[in-house]
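Working notes, beginning with the structure itself.
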Amino acid sequence: MRRFFNIVRNVMALFGFVTMVAVVASGGGFTAGLGKWLSEWEYKGDCDYILLLPGGAIPSPSMLMRTYTAAEEYKKNPRARVVISLKADPPIESSTIWGIRKELMFRGVPAESIILETKATSTYDHARYIYEARIGHPLKDSYLIVTSPFHVRRSMMVFQARGFTHIYAAPAESRKETEDLGAFKGIRYDVWGRLIADLGNLRELFALSYYFLTWKI
């Protein structure tokens, strides 16, 4: 029994050490380079299609940012068509993709400018089914992908591998507050926000590795 408790104690000590290192790394900004690399890609505002890649239910922080960004991009370029790609089971009126559609319309995107692709369940599927549905011409038309910042690079690489030539990115980034939130703001808010971002970046590294190993990019 003593041996068991020693093992548990050592595991907890290791977990505490790793957590402390993660907090220090995030607080010091040492992991910012990874997030920047994952989110960097060329932007072009006058694309033929705006591809909204969902990342959860609506409403949720991630999806509200993505729909907001897609709607803002449409306002800059109202000749574009907005494509939402996500699996939807009937009745479609009660599905997540329909909720995203309603949110886009609420933000000023007309229904006739929205195209629904209702088969995709992954990043790879987004590229596959948009290509197979012949939504635009992958070699001639330009596509602006709206997704979370850490998901940008993998999305671009997947679409390139599928045969899309002119692809660009508009990361759905949260706006930073301008108000004075008082003393110790960095400890109260910033460190924990960066930790959450680091978890997303770590997940994305695993996903990138899996896509490389399975020849999807």
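The values are calculated or read from the model by the stated rules, or taken from the named source; none is laboratory data. The model shown is predicted, which means the values in this text are computed figures rather than measured ones. Positions of Cβ are generated from backbone atoms using ideal geometry, with glycine treated the same way; all protein chains shown enter the neighbour counts.
Of everything in segment 25-48 that is among the hydroxyl-bearing types (Ser, Thr, Tyr) and surrounded by fewer than 19 Cβ atoms within 10 Å (Cβ to Cβ), the residue that is modelled with the lowest pLDDT is THR31. Quick one: in segment 75-97, which of the residues that are in contact with a strand residue (DSSP E or B) (Cβ under 6 Å, 6 or more places away or on another chain) and crowded, with 19+ Cβ neighbours inside 10 Å is farthest from TYR43 (Cα to Cα)? By that ranking, first place goes to ILE97.
Within segment 103-114, restricting attention to residues that are in contact (Cβ under 8 Å) with a residue 24 or more places away in the chain and charged (D, E, K, R), which residue is surrounded by the fewest Cβ atoms within 10 Å (Cβ to Cβ)? Selected residue: ARG107. Can you tell me how many residues within segment 115-137 are over 28 Å from TYR210 (Cα atoms) and either surrounded by 20 or more Cβ atoms within 10 Å (Cβ to Cβ) or within 18 Å of the chain's Cα centre (by Cα) (or both)? Of the residues in that region, 1 qualify.
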